[in-house]
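Q: Have a look at this one.
The values are calculated or read from the model by the stated rules, or taken from the named source; none is laboratory data. These numbers were taken from a predicted model, which means no experiment stands behind them. In this analysis, Cβ positions are derived from the backbone assuming ideal geometry, glycine residues included, and neighbour counts consider all displayed protein chains.
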Amino acid sequence: MEKTEATAPREEGADSERRRELVLAAGRLFCKHGYERTTVRELARAVGLQSGSLFHHFRSKEEILVAVMNNGIQEVIDDGERALARYDAPADRLAALFRVHMWSMLHGAGGDAMNALVYEWRSLSATSQSAVKALSDRYEAMWQSVVSDAVNARLVKGDARVIKRCVLGAMNLTVQWYKPGGRLAPAEFIDAMLLAALPTLPSGVGMWPVEAVSRGA
């Protein structure tokens with residue numbers, strides 16, 4: 001009995017880590033092959049599981065797709081909250097939130113998640129769509145508040161809701177055309193995107209991630 005109690009946390013941790021690995025691998029496979037063309041066997045093989053073992057972690061293939069989408073959204077919510085806790089000025093907060101989103105798209109879970117959201121949304125049931133939308137609405141509310149503050153501070157001009165949708169839409173659609181290893185390095189590309197989307201913000205504001213700030217990059 002004592003041995004079971006001692007090992008249970010490690011087993012739960014291993015399950016959680018395997019689930020995380022599976023979600024990331026699924027995101028890559030869905031991006032490369034498409035959701036419908038990716039088989040359960042391929043998903044399991046990507047993380048060293050038997051096909052049947054996959055359903056120890058997820059009840060269905062659709063649940064994996066939901067997890068891929070939610071993982072990307074939750075990543076930008078968590079990093080967005082950390083970035084906003086770091087900065088007080090409206091210009092810094094808007095730029096930091098922009099950089100968080102682009103950083104996730106290029107380096108984190110955001111790119112595969114957005115690819116799934118753009119191309120695989122219709123593969124979800126109405127119930128699953130509602131669950132994903134609830135999390136997405138939380139993220140958009142964060143953006144709405146930050147953009148509204150920037151408009152009120154006269155850093156940007158226009159309708160805050162329209163600005164939010166235009167900026168998020170421009171970033172999200174980079175999954176359709178951005179190719180790694182191109183003319184601009186990722187950090188330069190993020191700067192170029194920020195300048196194109198929000199040209200009235202001062203240069204160099206809202207640096208993110210924190211590692212880049214500490215290096216003075």
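Q: State whether one or more residues within the range 32-42 are of a type in the set (Lys, Arg), surrounded by fewer than 20 Cβ atoms within 10 Å (Cβ to Cβ), out of contact with any Pro (no Cβ under 7 Å at 6 or more places or on another chain) and assigned to a loop (DSSP other than H, G, I, E, B).
A: yes
Q: Then there is this: Write out, first by first residue and then by second, each pair whose Cβ atoms fall under 8 Å of each other, whose residues are 6+ apart or on separate chains, and whose first residue, in the range 94-115, is more than 18 Å from LYS179 (Cα to Cα) while the second is polar (S, T, N, Q) and surrounded by fewer than 24 Cβ atoms within 10 Å (Cβ to Cβ).
A: So the pair list comes out empty.
Q: Here is a further query. Considering each of ASP79, ASP149, ASP137, ASP88 in turn, give the residue that is among the acidic types (Asp, Glu) and either crowded, with 20+ Cβ neighbours inside 10 Å or in contact with a strand residue (DSSP E or B) (Cβ under 7 Å, 6 or more places away or on another chain) (or both).
A: When all the criteria are applied, what remains is ASP79.
Q: For VAL156, are the conditions met, namely being in contact with a Ser or Thr (Cβ under 9 Å, 6 or more places away or on another chain), surrounded by 15 or more Cβ atoms within 10 Å (Cβ to Cβ), within 24 Å of ARG93 (Cα to Cα) and modelled with pLDDT of 95 or more?
A: yes
Q: Got a sec? Which of ALA113, ALA44, ALA25 is in the same structural domain as VAL175 (by TED's automatic domain parsing) and of a type in the set (A, V, I, L, M, F, W, C)?
A: Selected residue: ALA113, the only one of ALA113, ALA44, ALA25 that is in the same structural domain as VAL175 (by TED's automatic domain parsing) and of a type in the set (A, V, I, L, M, F, W, C).
Q: Report, by residue number, each residue of the range 14-42 that is acidic (Asp, Glu) and over 16 Å from the mean Cα position of the chain (by Cα).
A: ASP15, GLU17, GLU36, GLU42
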